[in-house]
Amino acid sequence: MADEIELIYKGVNYKFPLVHGTENETAIDIKTLRAQTGLITLDPGFKNTGSCQSEITFLDGEEGILRYRGYSIEDLANQYSFIEVAHLLIYGDLPTTEQLDKFENDIRDYALVDEDFKIILKSFPKSAHPMGILSSLTSALIAFNPSSVDINSEKDFYEAIIMLLAKFPVLASWTHRKMKGLPLNYPSYELSYTENLAHMMFRMPNKDFKASKTVVSVLNKLLILHADHEQNCSTSTVRMVGSSHAGLFASIASGISALWGPLHGGANQAVIEMLEEIRIDGGDTQKFMAKAKDKNDPFRLMGFGHRVYKNFDPRAKIIKKAADEVLSELGIDDPVLDIAKRLEQEALQDPYFVDRKLYPNVDFYSGIIYRALGIPTEMFTVMFAIGRLPGWIAQWKEMRFNKEPIGRPRQVYTGATHRSP
Ligand code: ACO
C-alpha cells in the first residue's frame, strides 16, 4: 500500500504523503496542498492539525500515558529533581553528574536580578493579578539583558536559557511577596532550585526558615508534573511568537499570558473557588454532588474529568499520594480541605463518576496542596508557569533549531465582497 493519501477534487487526483511518528500517529503532509489544488484546510482550535514534529513529549490520553523524551512521568516525578527534568526536556537527555553540577552552578551564578526590578514591582498596584506582573517582569528581563535577544550560537542559546531558568523563580516569588506585602527574599547559593523557590516564597524576615523535606518533595513533583504537555495553548503560543525570531524571553512572556486564561492554567484556582462556595453554602457535599449529576444544572465538579485523559490522569495518581503526605505533615485544620477530601471519597464511589471515568485530575490535588502551603489562589497559575518553563524553553529551542518557518495560518474570508463607498 502506498504511503500516501489521495484526494480527488474537481475530477483531478492529487496525492499527499503520510508522515508517521514513533508512537504510531499518522499525519497527512499537506505542505503542497494549496500550491497543487488551490485549497486550504479549515480547523478552528487546531484539533486535527499537527503544527510541528516534536521529539519532546508524548501523551496518550486513552491509556493515561505521559512521557518526556521517552521517560514516563512516574519515573521522573518519583526519582529525579525538577532541574534534572528541565535538562532532559531542553537537551534531550538526563544530565550526567558533571553536566548536572555545571547546569545547577550556572543557574546559581545567574540567579540575581537587577535591583531596578524592585522599582518596576513597586509601581504595580497591590491588586494587580500576579500573572500580569509575571508576564511584565519577564518582558522587562529583555531590557536588562539585551544580549538575550539576538541569539545565533549554541553559547548564546545556553546563556539565555540559563538566565531565564535562574531568574524566573526570583520574579515569580517576588510577585507572591508583593501580593502579600512582604519583604523580598534573595536566592541562596547553598540551596537547590526547589529549596530556593520555597525559601524565596515563604521565608519570613523575623524567623529562621528551612522548608521540610515533604514540602520540597511535593513542590518538586508538582513542578515536574507541569513541566510539559506538548502543543497546548501556551506552548503553541511560545513556538508561534518565537517563529518570528522574537527572543526567548519575549516568547515566554507571551506564553505566560496564554497560560493565564481560565480555560488553560486557571483550573486549580477554580477548584478552590468551588470548595469555598460549598463551604459558604454550609458544606453539604452531597448537595453539590447531586447538582453535578443534574443535567439541568450547569454546575460541574471542578477538578474532575479531563479533556485528554479519558481513563485517568497519570499526574493525579502521583500527586494524590504527595498531597496526602503533605496534608498530614502540615496538620492544617481547614474546612475547605475537609470538603475536598469528602468530595474525593464520594465521587470515587459514585456510579455517575465511576461510569463516566471522571477521576480527580492534577488540578484538583495541586489546588489543595497550594492552599495547604498558604499560597493565595491567584498565585496558583504562577506556580504552574514555574513548572512549565522548561517545557516552553525546550519547545522554543526545538522550533528554532529545526529552523521552522514563521507561523502564519490562513483564513477563509467570509466578510463583504468589494463595496463602493
Ligand atoms: N462534573 C460533573 N459531570 C461531568 C464532569 C464534572 N467535572 N466532567 C464531565 N462530566 C460529565 C458530562 O456531563 C458528560 O455526561 P453525559 O455523558 O451524561 O452527557 C460526561 O461526563 C462526559 O463529559 P464531557 O463534557 O464530554 O467531557 P469533556 O472531555 O468534554 O470535558 C472537562 C472535560 C472539560 C475537563 C470536564 O470534565 C470538566 O468540565 N471538568 C471540570 C473542570 C476541570 O476540572 N478542568 C480542568 C481539566 S485539567 C486541565 O486542564 C489541566
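The values are calculated or read from the model by the stated rules, or taken from the named source; none is laboratory data. Just so it is clear, the structure is predicted and the values come from calculations on it, not from any experiment. Using ideal geometry, Cβ is built from the backbone for each residue, glycine included, and neighbour counts are taken over all protein chains shown. Protein only, heavy atoms only, side chains kept; ligands, DNA and RNA dropped before computing areas. Shrake-Rupley method; radii C 1.70, N 1.55, O 1.52, S 1.80 Å.
Of note:
- Principal axis dimensions, largest first and in whole angstrom, of segment 302-421 by Cα: 69, 37, 32
- When THR22, THR194, THR96 are compared by accessible area of protein heavy atoms, the largest-first order is THR22, THR96, THR194, using a 1.4 Å probe.
- Full-stretch length increase - GLU23, THR417 - with 0.36 nm per residue and alpha-carbon distance subtracted: 137.3 nm
- Inter-site label distance for TYR91 and ILE280 at 7 Å from Cα along Cβ, in nm: 4.9
- Rh by Kirkwood over Cα pairs, then Stokes-Einstein D for segment 1-141 at 0.692 mPa s and 37 °C, µm²/s: 161
- By the rule of a C-alpha distance below 20 Å, with chain neighbours fewer than 8 residues away ignored, the lysines paired with LYS207 are LYS178, LYS180.
- Gaussian network model of the chain, Cα within-10 Å springs - most flexible of ALA290, ALA198, ALA250: ALA290
- Extension gain, SER139 back to GLU55 (0.36 nm per residue minus Cα-Cα distance, nm): 27.4 nm
- Spin-label pair SER123/LYS293, simplified geometry with 7 Å Cα→Cβ offset, distance in nm: 5.6
- Taking all protein chains into account, the per residue accessible area for segment 1-107 stands at 64 Å² (1.4 Å probe).
- Check: segment 245-382 dipole with +1 on Lys, Arg Cβ and -1 on Asp, Glu Cβ, in debye: 660
- Accessible carbon and sulfur surface of the chain relative to its total accessible area, %, 1.4 Å: 52
- Stokes-Einstein D in µm²/s, Kirkwood radius over Cα pairs - the chain at 20 °C with 1.002 mPa s viscosity: 92
- Among 143-151, 213-221, the order from most to least packed when residues are scored by Cβ within 10 Å on average: 213-221, 143-151
- Gaussian network model of the chain, springs between alpha carbon atoms under 10 Å - residue of PRO262, PRO360, PRO125 with greatest fluctuation: PRO125
- Of the chymotrypsin sites (Phe, Trp or Tyr not before Pro) found in segment 254-308, those in coil by DSSP whose Cβ has at most 14 other Cβ atoms within 10 Å are PHE299.
- Listed pairs LYS102/LYS403; LYS102/LYS221; LYS102/LYS167 exceeding 25 Å between Cα atoms: LYS102/LYS403
- Normalised per residue, the accessible area of segment 137-211 is 44 Å², obtained with a 1.4 Å probe and no contribution from ligands, DNA or RNA.
- Lysines whose Cα lies under 22 Å from that of LYS10, excluding same-chain neighbours fewer than 8 positions away: LYS31
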